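Chemist: My questions all concern the structure below.
The values are calculated or read from the model by the stated rules, or taken from the named source; none is laboratory data. Owing to the predicted nature of the structure, the values given are computational and were not obtained by experimental measurement. Note that each Cβ is placed from the backbone with ideal geometry, even for glycine, and that neighbours are counted across all protein chains shown.
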Amino acid sequence: MKKPKAENQVQGPAASPFAQTYFHGSRADLKIGDQIKAGYISNYGQRKNAPYIFLTATLDAAIWGAELAAGSGRERIYLVEPTGPIEDDPDLTDKRFPGNPTKSYRSTHPFKVVGEVTLWQGHPIEQVQAMKDHLARLNEQGINSMNDSP
């Protein structure tokens with residue numbers, strides 16, 4: 001018996017194996033369903049209340065985010081979904097580097113935590129320390145994040 005055509009059609013948007021995955025590196029202890037919001041003390045720059053939150057489409061950039069985050073909590077990588085528009089992070093795009101090689105973005109809208117990457121390999125300790133030293137030198141020179149103000 002042949003099914004009517006209407007029963008063969010997909011209702012609403014279908015899940016796609018090609019949907020963009022975004023990551024957020026942090027030391028915060030979050031659960032699935034939690035929201036990451038702007039307005040908290042930034043891990044970077046002048047350590048003010050952050051007007052933006054950040055996500056990336058590359059695991060490597062998220063690992064850097066977790067490794068460079070302030071605090072003493074465990075480094076974590078979350079899978080997140082933006083709840084509003086995102087834009088290129090100007091610290092890592094055309095204003096400082098050509099294009100957006102790290103696929104890093106920012107938003108003023110929350111991100112919903114949809115999962116956590118629990119198996120990942122961090123950078124060598126010497127490389128992380130070199131990056132922290134570099135960021136400290138920039139700070140001493142008064143070169144701060146372009147993300148410190150909206």
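Chemist: When the residues of region 99-108 are narrowed to those that are more than 17 Å from Ile77 (Cβ to Cβ) and in contact (Cβ under 8 Å) with a residue 40 or more places away in the chain, which ends up surrounded by the most Cβ atoms within 10 Å (Cβ to Cβ)?
Modeler: Selected residue: Arg106.
Chemist: Sticking with this structure for a sec: Does region 1-17 contain at least one residue that is modelled with pLDDT of 75 or more and either in contact with a helix residue (DSSP H, G or I) (Cβ under 8 Å, 6 or more places away or on another chain) or among the acidic types (Asp, Glu) (or both)? Show your work before the answer.
Modeler: Filtering region 1-17 down to residues modelled with pLDDT of 75 or more leaves none.
Scanning region 1-17 turns up no residue that is modelled with pLDDT of 75 or more and either in contact with a helix residue (DSSP H, G or I) (Cβ under 8 Å, 6 or more places away or on another chain) or among the acidic types (Asp, Glu) (or both).
Chemist: Give me the pairs: first residue in region 118-129 and on the phi > 0 side of the Ramachandran plot, second residue of a type outside the set (Ser, Thr, Tyr) and exposed (fewer than 10 other Cβ atoms within 10 Å of the Cβ), beta-carbon distance under 8 Å, and six or more apart or on different chains, which are they?
Modeler: none
Chemist: Continuing with this model, one more query. So in region 60-116, with the set limited to residues that are under 21 Å from Gln35 (Cβ atoms) and in contact with a helix residue (DSSP H, G or I) (Cβ under 7 Å, 6 or more places away or on another chain), which one is modelled with the lowest pLDDT?
Modeler: Looking at residues that are under 21 Å from Gln35 (Cβ atoms) and in contact with a helix residue (DSSP H, G or I) (Cβ under 7 Å, 6 or more places away or on another chain), I get Ser104.
Chemist: Just name the residue that is modelled with the lowest pLDDT out of those in region 18-56 that are among the aliphatic types (A, V, I, L, M) and under 27 Å from Gln121 (Cβ atoms).
Modeler: Ala19
Chemist: Mind listing whichever residues of region 132-150 are out of contact with any Asp or Glu (no Cβ under 8 Å at 6 or more places or on another chain) and either modelled with pLDDT of 95 or more or over 26 Å from Leu30 (Cα atoms) (or both)?
Modeler: Across region 132-150, the qualifying residues are Asp133, His134, Leu135, Ala136, Arg137, Leu138, Asn139, Glu140, Gln141, Gly142, Ile143, Asn144.
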